[in-house]
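Chemist: Structure below; questions to follow.
The values are calculated or read from the model by the stated rules, or taken from the named source; none is laboratory data. Remember, predicted model here, so these are calculated numbers, not experimental data. Heads up, the Cβs are rebuilt from the backbone with ideal geometry, glycines too, and the neighbour counts pull from every protein chain shown. Surface accessibility is based on the protein's heavy atoms, side chains included, excluding ligands, DNA and RNA. Shrake-Rupley method; radii C 1.70, N 1.55, O 1.52, S 1.80 Å.
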Amino acid sequence: MDVKVFLKGIRDKRFELKILKDKRDEIYYSLMPSGIRYDLDKVQTSPVDRMPVAAGDLEEAQQRIDTLINSLSHDINLAMRVVNQMQESKHRQLIMLRYFGVDRKTTEWKYVADVMGYTEEYVRGELHGDAIKEARKIWKSLQNLT
């Protein structure tokens, strides 16, 4: 696998993790007594207990989160081995901003360029290309060790 694909995978997993955590929290709060808004929610007259289904959904979401965290943790450790060996500090910074951001906004080229103090075109083109080249060399040397 190429280092760029690997780094994109980390970014995608981080986004997926955020979505899963939001879903888990939504399910969790729907189980709380204050989660029912009688003025907005339709109240069923039949005695259907949604609690077991919601509890199962909550457990499933948490299991998916735990699995994703384990996978992500492994990937980030490997990626940090690459980043920590990079000689150019601006390459390290670009990789960290672009691929390790918390959400989509903080990984966009415009945001990365603003933080780094360069034009978006320079960051997206030349600087990113150079950073990936450097990361690729390190990645290949790490792959040869395993």
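Chemist: Is there a quick way to get the dipole size of the chain? I mean about its Cα centre, with the Cβ of Lys and Arg at +1 and of Asp and Glu at -1; what is the value in debye to the nearest 20?
Modeler: I would put it at about 540 debye.
Chemist: At a 1.4 Å probe radius, carbon and sulfur cover how many percent of the accessible area of the chain?
Modeler: So the carbon and sulfur contribution to the accessible surface is 52 percent.
Chemist: Measuring with a 1.4 Å probe in the full set of protein chains, what accessible area per residue, in whole Å², belongs to the chain?
Modeler: Heavy-atom accessible area per residue stands at 67 Å².
Chemist: Please work out the Cα convex hull volume for the chain and give it in Å³ per residue.
Modeler: Convex hull of Cα atoms, per residue: 144 Å³.
Chemist: Additional query: Would you mind finding the longest exposed-site-free stretch of the chain, with exposed trypsin sites (Lys or Arg not before Pro) meaning DSSP loop and at most 12 other Cβ atoms within 10 Å?
Modeler: It runs 51-146.
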